[in-house]
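Below: the structure, in structure tokens.
Just so it is clear, none of the values below were taken in a lab; they were calculated from the coordinates. As the structure is a computational prediction, the values presented were derived from the model and not from experiment. FYI the Cβ positions are ideal-geometry reconstructions off the backbone, even for glycines, and counts take in every protein chain you see.
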Amino acid sequence: VVLQSGVVTVDGNLENSGTIIFSNPTGGSLRTELELNQGLLTNNADGIIRVQTGGDTLAFLHEANVANVGAIHVESGRFGYSGFFTNRGDISVESGAVFRVTQVGSEFYQEDGRLDVADRLSFNASLFAYNGGEVDGVVDLQDTTLSFGDRTAGSSTFLLTGSNTLEGDVPAGVTLQLESQTPGILSRLTANQSFSNHGVIQLGTGVSAGNIDLIVNGSRTFTNAADGTITIEGAGGTRNLLAALNNQGTLASSVNWNLGRTGTSTELHRNRGVMVTNETVNIRGLSFLNESGGVIEATGTWNLNSTAFTSSGIFSPGGQGIAASWTITGSLTLTSLSEIQCDLGGTQAGAEFDQINVSGVVDLGGVLHCELTDGFVPIIGDSHLIVTYSTATSDFDAITGLDSGVT
């Protein structure tokens, strides 16, 4: 069956075991529409639907609940629907074609099969539920609820703009890219429950100039699992991670960002993964614990805002082999399990050797481990102030890595 420009109305349900082609032989921006008046269109396992309208022509399923277990190929033009769409078959969106859903209340359920996007699949003001099967390519979401089940596969990127809502854990193989390229425009992702990330969450990219928020309501916990990655980047705007952070994976930032809510914040933040931060991090909450096994490679400044900061893990300013300076505005407790890894490549603080500057009280403990770098050989009288503070209690339990006689 070939549907050309115009509207074809079906009263009731429709099953397809053959081939339905949406076509527009005259070109232009005309609409080719199949209207089911809230009936059910079932594309059976041997059914094929092809969209070949070309250009800007829209092939549209109006008031149609769709159950696809066959094949749908969006080869050219634009394809959309209003209603409920369940996919257990194969859907492909070819290069130059668009699958777009803009009708408020429309929902898409990826239950099984495959959704392969070579160009663009976009949803606005609807639900995209990824419960099973495989999604490959980039899916644009704006003002949409994104829901994840536990049977997902494939390598997919969800490009999030506007105000979106997250339900469920982010699976491995999935990238959530929060994007706002316009100054003053906010991109926000909100979760109303604690969740875990096993994929990649990007709060901005190198071209992001707007404001970007990741929010977990009710001071609930955002867990970046051991296989999860968070990146915080941008060319402008603010970056806010408003949740209780439990980082077990990798978090890397190259711009200023805020952790925790303003006002009376009750979040308990934890790190037992790797955090690499540059620039300024404003931390709000009751406490931040760098647990045993946690690594913080920081430069720039951490403003604690009265947050209690305790480390039983590793501090390595700038990372191994790179001299850097890290400022902590607040107080710091180093437990007996903590370790500061310091590179000594000369006598200039921050440029040739690592230095941690603490504005408040430091409760020293654990190990200070120093490594000589860049061929540096200290001579008698050389001194290196590794940790500065207003007041210190106790001392390191051990200093390692240097020859005897060096203290």
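Observations on the structure shown:
- Applying the Karplus relation 6.51 cos²θ - 1.76 cosθ + 1.60 with θ = phi - 60° to region 329-342 yields 3J(HN,Hα) values of 8, x, 10, 9, 10, 9, 7, 5, 8, 7, 8, 9, 9, 10 Hz, where x marks Gly and Pro.
- Contact order normalised by residue count of the chain, Cα under 8 Å, 6+ apart, percent: 6
- Region 1-122 - charge dipole about Cα centre, Lys and Arg +1 at Cβ, Asp and Glu -1, debye rounded to 20: 260
- Over the C-alpha atoms of region 186-327, the Rg to Rh ratio, Rh being the Kirkwood estimate, stands at 0.93.
- For region 317-407, size of Cβ-based charge dipole, Lys and Arg +1, Asp and Glu -1, in debye: 220
- GNM result for the chain, Cα springs below 10 Å: residue of 236, 381, 133 fluctuating most strongly: 381
- All other residues whose Cβ lies under 12 angstrom from that of residue 63 are scored, Lys and Arg at +1 and Asp and Glu at -1, for a net of -3.
- Largest GNM mean-square fluctuation among 373, 310, 391, using the chain with Cα springs under 10 Å: 391.
- Dipole magnitude of the chain, debye to nearest 20 (Cβ charges: Lys/Arg +1, Asp/Glu -1, about Cα centre): 840
- Summed side-chain charge close to residue 53 - residues other than residue 53 whose Cβ falls under 12 Å, Lys, Arg +1, Asp, Glu -1: 0
- Of 333, 262, 277, the residue with the greatest mean-square motion in the GNM of the chain, using alpha carbon springs below 10 Å, is 262.
- Which of 317, 307, 340, positive extreme of dipole for region 249-407 (C-beta unit charges): 307
- Relative compactness, region 1-122, computed as alpha-carbon Rg over 2.2 N^0.38 Å: 0.94
- Over region 1-122, relative contact order from alpha-carbon pairs under 8 Å, at least 6 apart, %: 19
- Taking amide H positions as modeled 1.01 Å from N, with prolines and chain starts lacking one, the residues under 5 Å from residue 21 and 5 or more places away or on another chain are 2, 3, 50.
- Applied to region 97-108, the Karplus parametrisation 6.51 cos²θ - 1.76 cosθ + 1.60 on θ = phi - 60° returns per-residue 3J(HN,Hα) values of 9, 9, 10, 10, 10, 10, 6, 4, x, 6, 10, 10 Hz, with x for Gly and Pro.
- A simple count of charges around residue 374, restricted to other residues whose Cβ falls under 12 Å of its Cβ and scoring Lys, Arg +1 and Asp, Glu -1, yields -3.
- q = 0.08, 0.09 Å⁻¹: log10 I(q)/I(0) that the Debye formula gives for the chain, counting C-alpha atoms only: -0.55, -0.64
- Under 5 Å, built H, 5+ apart or other chain: amide partners of residue 147: 128, 129, 130, 167
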